[in-house]
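Since every read-out is calculated from the coordinates, none of them should be taken as a lab result. Computed from a predicted model, the values in this text were never measured in an experiment. Cβ: placed from backbone, ideal geometry, glycine included. Neighbour counts: every protein chain shown.
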Amino acid sequence: MNSFSTGNLELIPIEAGRFLLDGGAMFGVVPKTLWSRQIPADEKNRITMAMRCLLVKSKASGKTYLIDNGSGDKFNEKMAKIYGLDYEHSSLLNSLKKAGVKPEEITDMVFSHLHFDHCGGTTRYNENGNLEEVFPNATYHVNKRHWETANNPNAREKASFFDENINPIKESGRLNLVDDFHSFEEGFDTLPMDGHTVGQQLPVFSGNGHTIVYAADLLPTFAHVPLPWVMGYDMAPVQTLTEKEEFLKKAARENWFIFLEHDSDHEVITIKEENGKFSTGDSLKLAEIS
Ligand SMILES: [Zn+2]
């Protein structure tokens, strides 16, 4: 199986389907002539995005964590078409099944943030058309400041938070709001990042001499490594720039392995720094980390 062990923690990628987003929006001020050489666009200017979640099994605590859970499948036909949702490639429940884990065995759901493509898998519609939870035993962990934002979004960010995703988390009775730099257990911490959205948290795993960071929407794809390649979706792009620079410096110097949530071709990359410029070093699978 494609997995990596930090000693106490076993990490397994869980692909929850693919979708399409406007390439221009994904690369902000970068012209199409440049970004389309890195990631090709379709005839509607869209690029293919992965929804790569991460299963984390802990020997020490006995917990089974899932980091993010993709977009889910609650879209109506029109929305599914707009986003080009593709569950043929992979789906959340199939990928978990392949990893030998049942939804009810997930004890802890850790959200990087609550934009629809990160938390939509929390719920689905049952045959009566009612919302039901997919992971009935999971505690939902959300950064405290992000929870405030998700419940009081500005007009620009509102379209990324869906009521049918947020309300069931609120009403579950199993919501746990965590502080910045929260530590879930030894070798599993989080890093707060505010540029994309207030209170995004990046899971960081360390052990066996390695550090693996779940980059979520700080670095959605390998093409977002160069500093000015910042998403148009970011709420505070200049802050992303500052956060990215500090992050990439550490990643390059300390040989971090960066796990990419949205890159359809690259699962894990390393970072190179030359004269203050950052680029992608190696591209590998989790199991190839050594
Ligand atoms: Zn996002």
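Please say if segment 58-190 is rounded, prolate or oblate, where rounded means a/c under 1.5 for a ≥ b ≥ c the square roots of the C-alpha gyration tensor eigenvalues, and otherwise the choice is prolate for a/b larger than b/c and oblate otherwise? All intermediate terms of the calculation are to be shown ahead of the outcome.
Values: a/c = 1.73, a/b = 1.16, b/c = 1.49.
Oblate.
Scaling against 2.2 N^0.38 Å puts the C-alpha radius of gyration of the chain at 0.94.
For the residue pairs 158/249; 158/277; 57/144, alpha carbon separations beyond 26 Å are given by 158/249; 158/277. Applying a DSSP loop filter and a limit of 10 other Cβ atoms within 10 Å to the trypsin sites (Lys or Arg not before Pro) in segment 87-192 leaves 156. So what is the 222 nm mean residue ellipticity for the chain from helices alone, if each DSSP H run of at least 4 adds -39500 (n - 2.57) and you divide by all residues, rounding to the nearest 500 deg cm²/dmol? The per-residue figure over the chain is -6000 deg cm²/dmol. With loop membership from DSSP and a limit of 11 other Cβ atoms within 10 Å, the longest segment of the chain without GluC sites (Glu not before Pro) is 128-253. Residues with amide H under 5 Å of residue 51's amide H, sequence separation 5 or more or different chain, H placed in the peptide plane at 1.01 Å from N; which? Sorted by chain and number, the residues that satisfy this are 16, 17.
Calculated FRET efficiency, residue 279 and residue 208, Cβ-Cβ r, R0 22 Å, to nearest 0.05? Please report the intermediate quantities before stating the final value.
Values: r = 26 Å, r/R0 = 1.18.
According to the calculation, E is roughly 0.25.
Checking the Cα-Cα distances for 32/78; 44/74; 32/250; 250/272; 32/244; 44/81 against a 19 Å cut-off, the pairs over it are 32/78; 44/74; 32/250; 32/244. Would you mind estimating how fast segment 1-121 diffuses translationally, via Stokes-Einstein at 20 °C and 1.002 mPa s with the Kirkwood radius over Cα pairs, in µm²/s? Value of D from the Cα-based Kirkwood radius: 137 µm²/s. For segment 192-290, trypsin sites (Lys or Arg not before Pro) meeting the loop criterion (DSSP other than H, G, I, E, B) and having at most 14 other Cβ atoms within 10 Å: 285.
Please quote Rg/Rh for segment 221-277 to two decimal places, taking the Kirkwood radius as Rh and restricting both calculations to Cα atoms. Display every interim value, and only then the final one.
On the way: Rg = 11.3 Å, Rh = 11.9 Å.
Looking at segment 221-277, the ratio lands at 0.95.
How would you classify segment 119-167 from its alpha-carbon gyration tensor, with a ≥ b ≥ c the square roots of the eigenvalues: rounded for a/c under 1.5, else prolate if a/b is greater than b/c, otherwise oblate? Before the final figure, lay out the partial values.
On the way: a/c = 3.44, a/b = 1.51, b/c = 2.28.
Here segment 119-167 falls in the oblate category.
Scanning residues 5 or more positions from residue 281 or on other chains, those with amide H under 5 Å from its amide H are 270, 271, 272, with H placed 1.01 Å from N in the peptide plane.
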